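Taking it in order: structure first as structure tokens, then the write-up.
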Amino acid sequence: MYEMRIKGLGCCPVADRKTVILEDLAGEKFIPIWLNPVELQALSFELREPSPFKPTTHHLLLTILETVRGRIKYLVIHELRDNVFYASISLDFGGSEVIVDCGAFDALMLALKAKAPLYVSQWVMEMAR
């Protein structure tokens, strides 16, 4: 697995898709994650500090986790099927780990808001090139 960070947002002219570009921490590997325009806009607002918008569902989830003494340990984008990226969230509840499936957009948003590590599997890195 590769630990990643958001490098930038843009449009892929070849596929005519909105993308977020992830790069590994060494700055050597890159991967485009395709998003719909609404997701890309929401992500662009979250990248601003402070975010100019009211709290979102992602904020609510983090508040709920805090309330029940849980936290996000890490997120993994682990699958690419039919041009759709799939991810999972590792939640920690006092030493007990729970894995929850989610979409790539939710993983990106939660990684940003929780300041949690975001990983991409080697298989996805190879398939998304």
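Cβ-Cβ below 7 Å, separation at least six or inter-chain, first residue in the stretch 31-49 and more than 18 Å from Lys113 (Cα to Cα), second open to solvent by 70 Å² or more (accessible area, probe 1.4 Å) and part of a loop (DSSP other than H, G, I, E, B): which pairs?
From residues that are more than 18 Å from Lys113 (Cα to Cα), the pairs are Trp34/Asn83.
Take the residues of the stretch 89-112 that are charged (D, E, K, R) and surrounded by fewer than 17 Cβ atoms within 10 Å (Cβ to Cβ): which is nearest to Leu43 (Cα to Cα)?
Ranking the qualifying residues of the stretch 89-112, first place goes to Asp101.
Tally the residues that are part of a helix (DSSP H, G or I), closer than 26 Å to Val38 by Cβ and free of Cβ contacts under 8 Å to residues at least 40 places away in the same chain, restricting the search to the stretch 87-129.
So the answer is 2.
Just one of (1) within 12 Å of the chain's Cα centre (by Cα); (2) outside any helix (DSSP H, G or I); (3) of a type outside the set (Lys, Arg); (4) modelled with pLDDT under 90 trips up Glu49, so point out which.
Failing condition for Glu49: (1).
Please verify whether the stretch 56-67 includes one or more residues that are open to solvent by 60 Å² or more (accessible area, probe 1.4 Å), touching a residue at least 12 places away in the same chain (Cβ under 8 Å) and assigned to a loop (DSSP other than H, G, I, E, B).
No, the conditions are met nowhere in the stretch 56-67.
If you go through the stretch 80-88 one residue at a time, do you hit one that is surrounded by fewer than 18 Cβ atoms within 10 Å (Cβ to Cβ) and within 11 Å of the chain's Cα centre (by Cα)?
Yes, there is a match, as at least one residue in the stretch 80-88 is surrounded by fewer than 18 Cβ atoms within 10 Å (Cβ to Cβ) and within 11 Å of the chain's Cα centre (by Cα).
The values are calculated or read from the model by the stated rules, or taken from the named source; none is laboratory data. What you are looking at is a predicted structure, and each value in this text was computed from that prediction instead of being measured. Note: ideal-geometry Cβ built from the backbone for every residue, glycine included; neighbour counts use all protein chains shown. The protein model used for the area step is the full one, side chains on, heavy atoms only, and it has no ligands, DNA or RNA in it. Shrake-Rupley method; radii C 1.70, N 1.55, O 1.52, S 1.80 Å.
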